[in-house]
1. State to the nearest 20 debye the size of the charge dipole of the chain about its Cα centre, where the only charges are +1 on K and R beta carbons and -1 on D and E beta carbons.
2. For segment 43-54, what does the Karplus curve 6.51 cos²θ - 1.76 cosθ + 1.60, with θ = phi - 60°, yield as ³J(HN,Hα) per residue in whole Hz, taken in order and with x for Gly and Pro?
3. Report ³J(HN,Hα) in whole Hz for each residue of segment 20-29, in order, from the Karplus equation J = 6.51 cos²θ - 1.76 cosθ + 1.60 where θ = phi - 60°; Gly and Pro get x.
4. In nm, give the distance between the simple-model label positions of residue 67 and residue 7, each being 7 Å from the Cα along the Cα-to-Cβ direction.
5. Divide by every residue of the chain the summed helix terms, -39500 (n - 2.57) for each DSSP H run of at least 4, and state the resulting mean residue ellipticity at 222 nm, rounded to the nearest 500 deg cm²/dmol.
6. Restricting things to alpha carbons, tell me how big the chain is in terms of Rg and Dmax, in Å.
7. Under 17 Å from a point 7 Å along the Cα-to-Cβ line of residue 28: which residues of segment 45-70 have their amide N that close?
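Values quoted throughout were computed directly from the atomic coordinates according to the rules given, and no laboratory measurement underlies them. Just so you know, these numbers come straight off a predicted model, no measurement behind them. All Cβ positions, even for glycine, are placed from backbone atoms using ideal geometry, and neighbour counts span all protein chains on display.
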Amino acid sequence: MKKYYFNLHLTYHEFLPYYEGQVHAIVVRTTDGIRIQFPASHIRKYVTSTGIRGYFCMNTENNKFLSITKIS
């Protein structure tokens, strides 16, 4: 299993196109400098009234998404 750690800071208004399905993928740079892309639907559960803010860990296996966990 491979783990990718990244920070994500989006205001509610910045995330709105993702939430509404107008934009389907989120692209982030990990703490190791690797660029990763994943479906926005995987992060929706972390949206608050102010947006998304936190440090996350994405787990993959054979380059297939398994989960995203908010660390802080």
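1. For the chain, the charge dipole is close to 180 debye.
2. Using θ = phi - 60°, the values come out as 10, 4, 5, 9, 6, 10, 5, 9, x, 10, 8, x Hz.
3. 7, x, 6, 10, 9, 10, 10, 10, 9, 10
4. Taking the simple label geometry, residue 67 and residue 7 are separated by 2.5 nm.
5. Helix contribution divided over all residues of the chain: -3000 deg cm²/dmol.
6. Rg and Dmax of the chain, Cα atoms, are 11.7, 35 Å.
7. Counting only backbone N, you get 45-61, 64-70.
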